[in-house]
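Engineer: Before I ask anything, let me first share the structure, which is written out below as structure tokens.
The values are calculated or read from the model by the stated rules, or taken from the named source; none is laboratory data. This is a predicted model, so every value here is computed, not measured. Note: ideal-geometry Cβ built from the backbone for every residue, glycine included; neighbour counts use all protein chains shown.
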Amino acid sequence: MSSQQFPLIDAREILRVVGGAAFTRGKGYADTDRILDIDWDDSDATLSADVQGTDLEPYTTVVQLVNAKNGWRIGSAYCSCPVGQNCKHTAAIMIESNSIHMRAKDDIVVEAPVSSPAWHQSLDGLLAAGAVPKATSPKPQASSDAVDPSGRIQPLALQFELQDNMLSAHRQWAPGSGAGRQRAARRFQLGVRPMVRSGNGRWVRGNLRWNSISFKTYGLNLDEEQHRWFCQFVPLHRANGQLYFGEDNDWINLDDFSSPLLWTLLGEARDLGIEFIGRNGDADIRVADPAGLVLAAVRPGGSSTEARDAGTAPVPGDDDGPLTLAPALTVGEENVLLGGDVPAGPIGHHGAYLGLDGGHRILLAPMAHRLNPTELEMFRHPESIEIPRDDVDRFLKKVYPRLGRKVTVASPDGSVELPDIQPPKLVLKATFTGEDEAEMSWDFDYGDVVVDADTRDATAEAELERAVLRALEETPLACASLAPRSLKGLQTVDLIRHVIPAVEATDGAEVRTSGDQPPFHELTEAPELTVTTVESERRDWFDLGLIIAVGDLRIPYADILRALSRGQTRMLMPDKTYFSLEQPLFDKLRELVSEATQLTDGDADALQITRYQASLWEELDALAVQTEGPDSWYAGVGSLLDFAESGPVDLPSGLRAELRPYQLSGFGWLATLWRNGLGGVLADDMGLGKTLQTLALMLHAKQTWATGADRSESTGDATNLPGPFLVVAPTSVVSNWEDEAKKFAPDLRVATVSDTQPRATVKLATLAAEYDIVITSYTLFRLDADAYQEQTWAGLVLDEAQFVKNKATKAHQAARDLTARFKLAITGTPMENNLMELWSIFSIVSPGLFPSAVRFAENYQRPIERQGLSEPLGRLRRRVRPFMLRRTKDAVVTDLPPKQEQVLHIDLTPKHRKIYDTHLQRERQKILRLVEDMDKNRFTIFQSLTLLRMLSLDASLVDDEYAGVASAKLDVLFEQLEDVLAEGHRALVFSQFTSFLKRAASRLKDEGVEYVYLDGSTRRRQEVIAAFKEGRAPVFLISLKAGGFGLNLTEADYCFLLDPWWNPAAESQAVDRAHRIGQTRNVMVYRMVAKDTIEEKVVALQDAKRKLISSVMDEGEGFGSTLTADDIRDLLKD
């Protein structure tokens, strides 16, 4: 088995297994040649040997090793001695294995001669240089007694010795001395070992060994800091931190000291007072300035620098002599040519040493740079190389450029004029292979010099590559490495326009092209948009065409959109022209096209738009330089968009009312919608005369039909035929419509439907044929939906349109399916809880505005309600603005007296509080359990919430056993009413719970106060209302739902809301029964809220909903949401 294959085992691993005592005794066995026939079996990692112990018969020892990630580990160690395992004999064979490994590693085989010239062979050795060989240390020598009996601190020193392998005294520890083959090694090595001053003042080795200095000092009284320094020295000697013991216990060779921290360590030694001494104590050991190593080129017959400077001509023929190369070392101020007899060498890869004056002076110095393999080879074989005269030219042209990249070559006397070594060039090879295709590749060019992997200038190549990569960072083809690439289309444009100029502008790089370069041309003109509309087969839908012009090019926008969708920033045309897509026009257009596409779930190739997307068209028109479309398009969209600038519409002569300015504007807006067959939402505040404005429109339509000789000319639409208007309203408001029509538009023939068609005395068809307006309730409209659908209606008016806000109800579906050229929704609250209610109403009156409920939820509802995004909110406002008219009382009615609102916080009585808290704990636990499945348990959850709301009013509403518990709210109400009525005011009292209203009525009766009462069960509604309006009763008790609309009660100037409702719009409607046009006094509104109850949480929920409604309707800034599981949890928080 080759000795080089013996394993190297970390000494710490041996110590871990056998212990310190067995380790020390095993070391003695290894040093005294007591190990016989050692063998290593690599196949099963077994180390075995016979060890001569105290018996005549040697012991058989076997160590099983495990090859771990961090080196060999000991699996087991057995011996035939009495101890049996982990004994000194097992330690001895592992230490011997380390010795064999280290000796074999440092051997250098003498190479056989080759047939090439000697000088070339020598330079090949330099150019192919590998690792520097390591040397072993000498065997330990006996030491004298180093202990100072006086007990004084004993200083330590580091002894240096230039060890000459040619001297017999050093044969015992010279590298390869026991290898058994013919070996050759570097002659000199620099060894160091620890020394201690003995009691008699001499420097002695004592028992100090590198392998045991950290733990084995045998009573020496050492300086702690100096001892620590020596303990650091050994681990730094090996770069991997492992320590092995063979024959190197005494000396450590600095030649293979791998860590550059040596120089820091040596500097620290001086500071700690550690002396550097020689073998005989008289040597001068100094650390000098950085060392330098060059390959000196000398031509004895050549002209020196001095001669050339003096202008002296060389002797003819002398400069044709041989050229000599010799390694030269500079350490401090000493300059020497290296040779086999010069005591010098490397220290690891980071330093050098030089012995002078027969070894009495030793200089050490760090290198200015890390020694490469070639420089280490110069130390290893420091012979001179002579290049014959005939080969000098070959050397300078072919070999020197390669050699000069690995080692510094200089002519110290100037006798050789060395040519400049040209740095490599980084070449971009661009090959154009087709119409718009190209291949990119990269290579380094060294000119005529042939280089291989070992002689390339890796540093220069790396710098060039980094420089080019930095230059490419600013181009579209930026990359992380210079790998070959195949390019096509716009990538080829980038190669020509950006990459090639960037490379050409980089020092040390050049471009080489082949093939025909495509003639690309960039269009820099600003793009222009042309928009066209063409009538489609679908009623009210138009095909939308978008053409982009860039210079003379005309490109369909669908092609541009596809390029944008792929992330392109430019677009290449077939004629090799290209243009930038990073244009504001394309960014805005992309948003609008995306919206138009989602309206129909189509794609950019088949865009369609309806007249209901008037605001979308307006934004497209603002982008375009030209728009084209049929007259039918411009008639509808143009009049809507230009409504503000258009003149007023003449009022019909049959109107018996004087309209306020905002009502005139509202009438004009309604007339514009009607003329163009478009629907909308009249969403004015309650009490601003929405009914009056609508009646004015109906009169206008009747007169237009009567006077227009050609209806297509008078209305702009040949389908605008005479017919009745169908008005659908809540039951309680039907009679109000009839009264208002008779009062303000007596020329209109009005009929009301009071029964279902099977029971009706006059059929619907007859009414539709004979009357201008047919008024019905939502209930009858829903029940007889088919009968209403069979008639021809000129228009559909949905009063209090929040009744159809739920798209799942039959009333909504009947209104949506009814055929009518014009549909109008009238409501002061088009949305009460969430944005889908708004969609539901627009899906009836403006079906093309938001065709898809799913898309509306994706684009508007969720971003606005859940994320609070402002961009979709602003877009929604723009889209609905042409089709929804909303004015608030504050904005348009300057003569309306102010409305003052106040919240009265009511404390429950102690007994009432105890009852409420008891029920609250029980209901809270139940609700929080049920709310995890909100949809399934919604009804039960609201039952519990309603119970808590009733308990906040009056405990007896929940259980008669609490009849004796006073209601604090009723007490506060009557305290307020006493003052109000005493001053001659009149009051409206609202509650959600009719049972609580009846308790209030009972108390009013007991106290002799006249009142009237209205809820959903009241039959004589008009008589009750008249009694209050005529002053027969100063108090009007009204359930919130029954009195929330259709009432004009301006006779009252005080409103009491006994309990808060989830929906703030319902409360606002109730209050506006009094605060509306015709009111001449200030209106006082009192909201009564029980403290520390669910009512306070309901008020907080109202605020959130109020913000949502305001954000869409009145352009407020808040957002809100529907009643969710989280809302309910909030209601039940303490």
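Every residue, every condition in (1) assigned to a loop (DSSP other than H, G, I, E, B); (2) free of Cβ contacts under 8 Å to residues at least 40 places away in the same chain, yes or no:
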{"residue": "V1009", "(1), (2)": "yes, yes"}
{"residue": "S1017", "(1), (2)": "yes, yes"}
{"residue": "R1032", "(1), (2)": "yes, yes"}
{"residue": "A1042", "(1), (2)": "yes, no"}
{"residue": "P1060", "(1), (2)": "yes, no"}
{"residue": "S1068", "(1), (2)": "no, no"}
{"residue": "R1076", "(1), (2)": "yes, no"}
{"residue": "M1084", "(1), (2)": "no, no"}
{"residue": "V1089", "(1), (2)": "no, no"}
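Engineer: Condition first: surrounded by fewer than 18 Cβ atoms within 10 Å (Cβ to Cβ) and out of contact with any helix residue (DSSP H, G or I) (no Cβ under 8 Å at 6 or more places or on another chain). Now tell me which residues in region 32-51 satisfy that.
Structural biologist: Within region 32-51, T32, D33, L36, D37, D39, D41, S43, D44, A45, T46 qualify.
Engineer: Let me ask another. Looking at region 289-303, is at least one residue farther than 19 Å from E375 by Cα, surrounded by 17 or more Cβ atoms within 10 Å (Cβ to Cβ) and modelled with pLDDT of 75 or more?
Structural biologist: Looking for residues that are farther than 19 Å from E375 by Cα, surrounded by 17 or more Cβ atoms within 10 Å (Cβ to Cβ) and modelled with pLDDT of 75 or more, one finds at least one in region 289-303, hence yes.
Engineer: If you take the residues of region 454-474 that are at pLDDT below 90 and either more than 30 Å from N372 (Cβ to Cβ) or in contact with a helix residue (DSSP H, G or I) (Cβ under 8 Å, 6 or more places away or on another chain) (or both), which of them is surrounded by the most Cβ atoms within 10 Å (Cβ to Cβ)?
Structural biologist: Filtering region 454-474 for residues that are at pLDDT below 90 and either more than 30 Å from N372 (Cβ to Cβ) or in contact with a helix residue (DSSP H, G or I) (Cβ under 8 Å, 6 or more places away or on another chain) (or both), the one surrounded by the most Cβ atoms within 10 Å (Cβ to Cβ) comes out as T455.
Engineer: Scan region 610-620 and tell me whether some residue there is of a type in the set (K, R), at negative phi, outside the structural domain of N859 (by TED's automatic domain parsing) and modelled with pLDDT of 70 or more.
Structural biologist: Among the residues of region 610-620, not one is of a type in the set (K, R), at negative phi, outside the structural domain of N859 (by TED's automatic domain parsing) and modelled with pLDDT of 70 or more, which makes the answer no.
Engineer: Continuing with the same structure: Taking the criterion of being under 16 Å from L682 (Cβ atoms), in contact with a helix residue (DSSP H, G or I) (Cβ under 8 Å, 6 or more places away or on another chain) and surrounded by fewer than 17 Cβ atoms within 10 Å (Cβ to Cβ), would at least one residue in region 877-888 satisfy it?
Structural biologist: The answer is yes, given that some residue of region 877-888 is under 16 Å from L682 (Cβ atoms), in contact with a helix residue (DSSP H, G or I) (Cβ under 8 Å, 6 or more places away or on another chain) and surrounded by fewer than 17 Cβ atoms within 10 Å (Cβ to Cβ).
Engineer: Also, quick follow-up: If you scan region 66-98, which residues turn out to be among the small types (G, A, S) and in contact with a helix residue (DSSP H, G or I) (Cβ under 7 Å, 6 or more places away or on another chain)?
Structural biologist: Result: A77, A91, A92.
Engineer: Checking the condition farther than 26 Å from H1075 by Cα, acidic (D, E) and surrounded by fewer than 16 Cβ atoms within 10 Å (Cβ to Cβ), which residue from E865, E871 passes?
Structural biologist: E871
Engineer: Something else: Condition first: among the aliphatic types (A, V, I, L, M) and under 50 Å from the mean Cα position of the chain (by Cα). Now tell me which residues in region 671-703 satisfy that.
Structural biologist: L673, L678, V681, L682, A683, M686
Engineer: Of the residues A1090, A1070, A1065, which is closer than 19 Å to D890 by Cα and within 49 Å of the chain's Cα centre (by Cα)?
Structural biologist: On the way: A1090 fails: closer than 19 Å to D890 by Cα; A1070 fails: within 49 Å of the chain's Cα centre (by Cα).
Among A1090, A1070, A1065, only A1065 is closer than 19 Å to D890 by Cα and within 49 Å of the chain's Cα centre (by Cα).
Engineer: Looking at G176, G180, which one is at pLDDT below 60 and either exposed (fewer than 13 other Cβ atoms within 10 Å of the Cβ) or within 25 Å of G267 (Cα to Cα) (or both)?
Structural biologist: Matching residue, one of G176, G180: G180.
Engineer: Looking only at region 705-720, decide whether some residue is touching a Leu at 6+ places or on another chain (Cβ under 9 Å), modelled with pLDDT of 85 or more and more than 21 Å from Y788 (Cβ to Cβ).
Structural biologist: There is at least one residue in region 705-720 that is touching a Leu at 6+ places or on another chain (Cβ under 9 Å), modelled with pLDDT of 85 or more and more than 21 Å from Y788 (Cβ to Cβ).
Engineer: Determine whether S952 is small (G, A, S) and either free of Cβ contacts under 8 Å to residues at least 24 places away in the same chain or not assigned by TED's automatic domain parsing to the domain that holds A963 (or both).
Structural biologist: It is false that S952 is small (G, A, S) and either free of Cβ contacts under 8 Å to residues at least 24 places away in the same chain or not assigned by TED's automatic domain parsing to the domain that holds A963 (or both).
Engineer: List pairs: first in region 12-24 and touching a residue at least 12 places away in the same chain (Cβ under 8 Å), second crowded, with 16+ Cβ neighbours inside 10 Å and β-branched (V, I, T), Cβ under 7 Å, 6+ apart or cross-chain?
Structural biologist: E13/I74; V17/I74; V18/T90; F23/I14
Engineer: Name the one entry in V931, V980 that is assigned by TED's automatic domain parsing to the domain that holds D1092, hydrophobic (A, V, I, L, M, F, W, C) and over 22 Å from V1089 (Cβ atoms).
Structural biologist: Of the residues listed, the single one that is assigned by TED's automatic domain parsing to the domain that holds D1092, hydrophobic (A, V, I, L, M, F, W, C) and over 22 Å from V1089 (Cβ atoms) is V931.
Engineer: Could you grab the pairs with beta carbons closer than 6 Å, sequence gap of 6+ or different chains, first residue in region 691-702 and not assigned by TED's automatic domain parsing to the domain that holds G666, second one not in a helix (DSSP H, G or I)?
Structural biologist: From region 691-702, no pairs qualify.
Engineer: Taking region 734-747 on its own, how many of its residues are touching a residue at least 40 places away in the same chain (Cβ under 8 Å) and surrounded by fewer than 20 Cβ atoms within 10 Å (Cβ to Cβ)?
Structural biologist: 6
Engineer: Only one of these conditions is not met by V727: (1) crowded, with 22+ Cβ neighbours inside 10 Å; (2) over 28 Å from V1024 (Cα atoms). Which number is it?
Structural biologist: Here V727 clears every test but (2).
Engineer: May I pose another question? Would you say Q757 is in contact (Cβ under 8 Å) with a residue 24 or more places away in the chain and either of a type in the set (V, I, T) or surrounded by fewer than 22 Cβ atoms within 10 Å (Cβ to Cβ) (or both)?
Structural biologist: yes
Engineer: Mind listing just one residue for me: the one in region 790-807 that is among the acidic types (D, E) and within 15 Å of T779 (Cα to Cα) and, of those, modelled with the lowest pLDDT?
Structural biologist: Among those residues, the one meeting the criterion is E800.
Engineer: So which residues in region 859-890 are in a helix (DSSP H, G or I) and free of Cβ contacts under 8 Å to residues at least 40 places away in the same chain? Break it down stepwise before answering.
Structural biologist: Here is the first cut: in region 859-890, the ones in a helix (DSSP H, G or I) are 859-866, 870-883, 889-890.
Matches in region 859-890: Y860, Q861, R862, P863, S870, E871, P872, G874, D890.
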